[in-house]
Structure formats: C-alpha cells, structure tokens
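What follows is a short report on a single structure.
Bear in mind that the values in this text are calculations on the coordinates, not laboratory data. Since this is a predicted model, take the numbers as computed values, not measurements. Note: ideal-geometry Cβ built from the backbone for every residue, glycine included; neighbour counts use all protein chains shown.
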C-alpha cells in the first residue's frame, strides 16, 4: 500500500501540482503585462546621474527626478533611497535604451530566483520542479518583476547562502549573503542569526565584503554623498508603506510596538541558536523576524517570505508543516490574489508571525524529538539531498 501511494504521488500528484503552479505563474505575469518598472526606473535614473554627473550626486533627488523624466516622461518620479550598490548594479545596463534595459533586468532577476530555488532545493524529480514553480507563482514575485524590484536578488542571496552553509562552504556562503546589502532592511537579522548558529566564517566574509563596499562608496561618493544618503534615510516614511508592518497589522505604535519588536528579535535569534544543526531554519527564522520588525515594506518585499517558506518546506517535510504552507500558497497564488477573496496586505504580517511562532516552538522542543527522522517520504514522496 505504501509503495502504491508513493508511486501515485510521483506519477500523478507532483506533475499535476507542477501544471497548476506553472499556470498560476503565467496568470500572475500576464496579468501584469503592461510594464511599469517604477523601481528599476529609479535605480536606472540614479545610475545615470552617477555615470554622467558623479556618484556623489545619486541622492540629489532633483537630479534623479530630472533623469527619470528623461527616461520615461509619463512615469511618476520617486526618490532614490536604495543603497549605492543598487545603482552600481543598474549602471551595468546604462548603455541600453531604457525599455530593453528594464526587460533584461526583469528577466534576469526572475531567472536568477528560479535557478537559486532549483539549486538549493533538496527535492528530486517532479517534486523539485513542482515546488520551485509554486515558489515563483505568488503574486509578490510577479509584482517584483513588474516594478523591477531588486528584492528577488536578496532572496537569491538567502537561498544560495542556505545551500552553501549546509555544504560547509562558509566563505562562498558569506559572498552570497552580500546580496542582502542590496536591500538590507528586508533580511538584516540573517547575519546575526548565522553568528549565533556558529557560522562565523560566513559572517566574517560578509562583513569583509561590506567593508569593501563601504570603502568604494566613500571614495566614489565622498563624505557629502554619504551624508545625503544618511539624512534621507532618517526622513519621513513613504506614504502607505506601513501596511506590511506590525503597526499596520496590529495597530500598535510607540512603546508597545517597540516592545513587540524587541521580543521578535530575541525570539528569532534564540530560535536560530537552537537551530544550529539546521542552518536553513536559522535563516528562515531571522528572515521572518526581519520582515516583522522593520518600519516599512512594500508588497514585493514578500519575496523574502516566499524564500523563508520554501526553506521551511524543504527542512520540515512533515504534513503538519506542509499542509499549512500549501494553504498559504493557495492564498498567495494569483487564483486568489486577483479575485475578490484577495487577502488584505495587513494580514500578511500575521501569517509571518504565525510561521515564526511555529519555528520558535519547534526550536525549543526537546532536541531528540526535533532530530527524529522526518516522515515526509511516507506522506509526500521521496525527499533527498540535491
């Protein structure tokens, strides 16, 4: 009976799941068929300001706005507040006309995310393809591609770091983790989680890369350019950017919000310490903690939630874990997101909070029980190391 069940899963369920996930991904991308590229628009404008007028001016929002209007006259201008490496990366496409540059950026970020999911997966056969397609299908991936966001590359960094750390390739993992520097607020706790989980060489390598980047920024931008960047980071938050935060989800502020953030950071790092034998779960816990405590996020930043859920799916193959994750995928899929049943943005932090609480609970269960053999093969098919 067991053998027939496994055969049925591999021959029918996984190919069917792959087909559904591919359809969902296609719907998500086609629904956003008219390109906006508003975030890449800003990155590219800052890059061209840097190339033509000097890198010390990339946070001169007047110059950036003029460049944005030159690139796409009818598109709204927004301030460039990303770290300097984002502008440097966009500068690689500056020789192209704007729209080919945007399409190439969108395609490369999506392909990079797909490849990193495939390479880091521990599944085999149909299961690997089905899970990767499902991880690409949520609405936030399509939105990130649509606006030309850099956050898929941050997700790539986390996935590569997870694969490399579990293979004890610590220096390479630290280099991969440097992709977090493209948008640090979305995963800033991950290096601290790797420290408490004992992966010192990875973090030392990451710090070394950060020092080099900071040195290049200082030389190219000068003290004035750095001061402009710091002063603008301390300015008012973008309007409507708090929906995906604790304040937006729970309606808390002041000392209550501060207390919750401290508690979440402590719980995330404590879980990472307990997951010293499961670095992927340490990374997932810290990613969720980062998303929950930052003061502002946008919908595309949920690509990091997708990466964390993908890691948990791989590391915890039991039905008790996978059934809720599959249910959350249904809610995040275009089938629901583009319907009248779409979940309000303010509900997604609650899902993050539930997943983090489940990880914290799992981390503090007796160690013998946590390391018991997984039962995923009996429930969902063979699970093997890539």
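Which peptide among 203-215, 290-302, 114-126 comes first, and what is the full order, when sorted by highest mean count of other Cβ atoms within 10 Å? Don't skip to the answer; put the middle values down first.
Details: 203-215: 15.7, 290-302: 22.3, 114-126: 19.0.
So the order, starting with the most tightly packed, is 290-302, 114-126, 203-215.
Sorted fewest first by neighbouring Cβ atoms within 10 angstrom, 177, 218 come out as 218, 177.
Classify region 140-225 from the C-alpha gyration tensor, please: rounded if a/c falls under 1.5, else prolate or oblate depending on whether a/b exceeds b/c. Don't skip to the answer; put the middle values down first.
Details: a/c = 2.23, a/b = 1.09, b/c = 2.04.
Here region 140-225 falls in the oblate category.
What FRET efficiency comes out for the pair residue 347/residue 81, r = Cβ-Cβ distance, R0 = 30 Å, nearest 0.05? Spell out each step's value before the answer.
Values: r = 26 Å, r/R0 = 0.88.
FRET efficiency, residue 347 to residue 81: 0.70.
Would you work out the relative contact order for region 2-367, in percent, from Cα pairs under 8 angstrom that are 6 or more residues apart?
Numbers: 522 pairs, mean separation 71.0, N = 366.
With pairs under 8 Å counted, the relative contact order is 19 percent.
Across region 60-192, C-alpha contacts under 8 Å between residues 6 or more apart give a mean separation that, scaled by the residue count, equals a relative contact order of 22 percent. In the P(r) worked out for region 2-367, what percent of Cα pairs fall beyond 26 Å? Summing the P(r) of region 2-367 above 26 Å gives 52 percent of all pairs.
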